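Note sheet for the following structure.
The values are calculated or read from the model by the stated rules, or taken from the named source; none is laboratory data. From a predicted model like this one, the values you see are computed outputs, not experimental measurements. Because the Cβ atoms are built from the backbone with ideal geometry, glycine has one as well, and the counts that use them run over all protein chains shown. The protein model used for the area step is the full one, side chains on, heavy atoms only, and it has no ligands, DNA or RNA in it. Shrake-Rupley method; radii C 1.70, N 1.55, O 1.52, S 1.80 Å.
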Amino acid sequence: MITTSTGAEHSAVLGLGSYRPRRIVPNSEILEHIDSSDEWIQTRSGIKERRWASEDETVLMMSTNAAKEALADSGIDPAQIGCVVVATVTHLYQTPAIATQIAVAVGAPTAAAFDISAACAGFCYGIALAGDLVRGGSAKYVLVIGVERLSDITDRTDRGTAFIFADGAGAAVVGPSDEQGIGPVVWGSDGTQHLVISQKESWQEAQANSQWPHLTMDGNPVFRWASFEMAKTAQQALDVAGVKVEDLDLFIPHQANMRITDAMRRTLKLPEHVLVARDIERQGNTSAASIPLAIATMRENGEAKSGDLALIIGFGAGLTFAAQVIRLP
C-alpha cells in the first residue's frame, strides 16, 4: 500500500517581489523604427513608455532580485523553499530550466525546480500549481516567478508589435495559511487559435539568420477573444471562489492592452471601489511578469494593501488562460 502525502489545509501568497529594468523606453524611441505616432500607440494600447533590460539584466538576474524581495516580504528562510516554479517564454535555452539556477541564487539549492511555458497566463498557472503543491504536501513553501526579456524577441520594425512588449520580473512565495488565500483556478487553452500569437520563425530559421526568433501577433482576434471571453473566465473564477464582484478590492488583469482592461471592467460591472491595475501605461506588456509587476505598482502607490481581495487573470499565446481570486499578503 502506498502512503498518501498530506499538506496544509489552506495555502496563500505570503510575500511578493518585483524587478523593473533600469532603462525607460518612450514611444518616441519606438517610432524611430516604425511608421506610426505616439497618439496611435497610446490610443491602441494605452502605453506611454516601457522598460527594456540592459545587457546585465538577464532573466536570471531579474528573477533573483524579484525572488529575494518576495522572500524578504514573506519572512521565509530561503532554505525552506521546497520548489521553484518559473513562468517564462524568454529563457532562450532549451535546457536546463532557469529555475534550477534561480534556486541556487536565492539560497534554495536543493529545491525542486522547473520552468513552465504558458506565456501571459504563466504567473497564474504558477500560483495555481504552488497552491496545490502546498496543500498536497509536495512542498511546504513554493517560490513562483514570472519573468520575461521580450525585447530580445521583439521585431523592432513590426508596426503591430514593436511598441507592446517589455521586460521585468515578479515573484511570490506561496505557503501554508490559517485560511484559504488562493481561490480555485479557472484555466484552460484554445489551441485552435495558436497562430494568433506565436513565434514567427522556427529555431532552424532563426539559426540560419544568426538571430533569435521574433514574436508575431494578429491583434484583432486577440483583442476580441481577450476582451469578451476572458471576462467570462474572470466571472467563473469569482463564482468558484464564492466571491461576489462587490467583495473585491482589486482587479489585476494581465497588462496586455488598456482597451482590453476597460472592456473586461465593463463586462464584469466592477463597482467604483474596485481599483483596476493599469501598469501597462508605464511598463508595457511583460507577459508572465505583468501581474506581479502590476501588484507591486499598486502596493507602492498605496492602492493595494495587506489583506485586499484581488481577482487576477492572465491570458495569451497558446491561447492559454487562467484566473483566480487571491488575498494579498
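Quick notes on this structure:
- Given (1) open to solvent by less than 30 Å² (accessible area, probe 1.4 Å); (2) at negative phi, number of the condition Ala119 does not satisfy: (2)
- If you go through the stretch 4-35 and keep only what is surrounded by fewer than 21 Cβ atoms within 10 Å (Cβ to Cβ) and of a type in the set (Gly, Ala, Ser), you end up with Ser5, Gly7, Ala8, Ser28.
- Of all residues in the stretch 8-31, those satisfying the criterion of being out of contact with any Phe, Trp or Tyr (no Cβ under 9 Å at 6 or more places or on another chain), in contact (Cβ under 8 Å) with a residue 12 or more places away in the chain and more than 24 Å from Leu328 (Cβ to Cβ) are Arg22, Pro26.
- Residues of the stretch 98-116 satisfying the condition of being open to solvent by 10 Å² or more (accessible area, probe 1.4 Å) and in a loop (DSSP other than H, G, I, E, B): Gly107, Pro109, Thr110, Ala111
- Taking the criterion of being in a helix (DSSP H, G or I), in contact with a strand residue (DSSP E or B) (Cβ under 7 Å, 6 or more places away or on another chain) and open to solvent by less than 10 Å² (accessible area, probe 1.4 Å), the residues of the stretch 266-305 that qualify are Gln283, Ser287, Ala288, Ala289, Ile291, Pro292, Leu293, Ala294, Ile295, Met298.
- Candidates are the residues of the stretch 245-264 that are in contact with a Leu (Cβ under 7 Å, 6 or more places away or on another chain) and of a type in the set (D, E, K, R); the one that is least open to solvent (accessible area, probe 1.4 Å) is Asp249.
- Residues in the stretch 8-23 that are modelled with pLDDT of 95 or more and either basic (Lys, Arg) or in contact with a helix residue (DSSP H, G or I) (Cβ under 6 Å, 6 or more places away or on another chain) (or both): Ser11, Leu14, Gly15, Leu16, Gly17, Ser18, Tyr19, Arg20, Arg22, Arg23.
- Residues (open to solvent by 20 Å² or more (accessible area, probe 1.4 Å), within 16 Å of Leu268 (Cβ to Cβ) and of a type in the set (Gly, Ala, Ser)) located in the stretch 206-243: Ala241
- Every condition in (1) open to solvent by 50 Å² or more (accessible area, probe 1.4 Å); (2) of a type in the set (A, V, I, L, M, F, W, C); (3) at pLDDT 95 or above is met by Trp40 except one, and the failing one is (3).
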